[in-house]
Amino acid sequence: MHNPSHLAITGDGGVVLDLKHDRLLKLNAVGTEMWTLLTRGMSETQVVGEIAQHYGVDASRVREDLRNLLSRAEEMGLSPESVLIAERTQDILVENPPATREQDQTAQNAVPPIGDVVKAILGLALFDVILSYRSLETLCSIVRSVPVRPSCLVSDATAVAEVSRAVERACVWYPKKVLCLQRSAVTTYLLRRRGIDAHMVVGVRAMPFLAHAWVEVQGRVVNDFPRVKTFYHSLSSY
């Protein structure tokens, strides 16, 4: 199924990201367990029996809770078959090797090409229109489809720094508030056009209930705080 929704299992439950309708649905721990069992092929009757036995509660109460959950899911156009589960894992922070730190420091002083700043502003405007008139699903599909252009870069670190600073400058000049999705989508696009295999990552946080997006290159965050993955659960990558 193209661009299904995603369920992130967090410490106190789960969060469903509905790409097509730009919505987030938070589930408690029991709701997440029910949904996971349905996804793994259990029938509703089996799920009721499993949950009732595991928690020592009346089956009729579990059955009512399950029906309410499925009713909410149906309103969102979701079913167990349409949701990919991102199991709870510990994200590994990838730090810069010592040999590249001096190069990265030099790269941070690089002046972004004016052409990249102009492209970033146009990209922000394009993705602004997409989010306004289409959906998050459309934006993610476009980002996923951008090819990595073959290139022989002298320094990936310099290219990443130039693009990141170009997008930062474009965000300052852009007449509207820029969302993290726009910023990350444009950054990913420009990096791939430079020959860098960048990915836009969408994550969620249960407490407080928030969603966020950032860009990674070889598992390293390049346009946000390095430890952003310790605060947000990575849900999907594009």
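Here are a few things to note about the model shown:
- Some residue of segment 149-162 being assigned to a loop (DSSP other than H, G, I, E, B), under 18 Å from residue 200 (Cα atoms) and touching a residue at least 40 places away in the same chain (Cβ under 8 Å): yes
- Residue list for segment 44-84, restricted to those being out of contact with any strand residue (DSSP E or B) (no Cβ under 8 Å at 6 or more places or on another chain) and of a type in the set (D, E, K, R): 44, 50, 58, 61, 63, 64, 65, 67, 74, 75, 81
Conditions tested, residue by residue: (1) over 21 Å from the mean Cα position of the chain (by Cα); (2) within 30 Å of residue 227 (Cα to Cα); (3) modelled with pLDDT under 85.
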{"site": "51", "(1), (2), (3)": "yes, no, no"}
{"site": "65", "(1), (2), (3)": "yes, no, no"}
{"site": "76", "(1), (2), (3)": "no, no, yes"}
{"site": "85", "(1), (2), (3)": "no, yes, yes"}
{"site": "91", "(1), (2), (3)": "no, yes, yes"}
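- Of the residues making up segment 110-140, those that are part of a helix (DSSP H, G or I) and either of a type in the set (A, V, I, L, M, F, W, C) or under 12 Å from residue 167 (Cβ atoms) (or both) number 19.
- Criterion: buried (at least 22 other Cβ atoms within 10 Å of the Cβ) and over 25 Å from residue 150 (Cβ atoms) - qualifying residue of 215, 202: 202
- All of 175, 226 fail the test of being part of a loop (DSSP other than H, G, I, E, B) and either touching a helix residue (DSSP H, G or I) at 6+ places or on another chain (Cβ under 8 Å) or under 19 Å from residue 131 (Cα atoms) (or both), apart from 175.
- Once segment 109-136 is narrowed to residues that are of a type in the set (Ser, Thr, Tyr) and within 19 Å of the chain's Cα centre (by Cα), the residue that is modelled with the lowest pLDDT is 135.
The values are calculated or read from the model by the stated rules, or taken from the named source; none is laboratory data. As the structure is a prediction and not an experimental result, all values here were calculated from the model. Glycine gets a Cβ as well: all are built from the backbone with ideal geometry, and neighbour counts include every protein chain shown.
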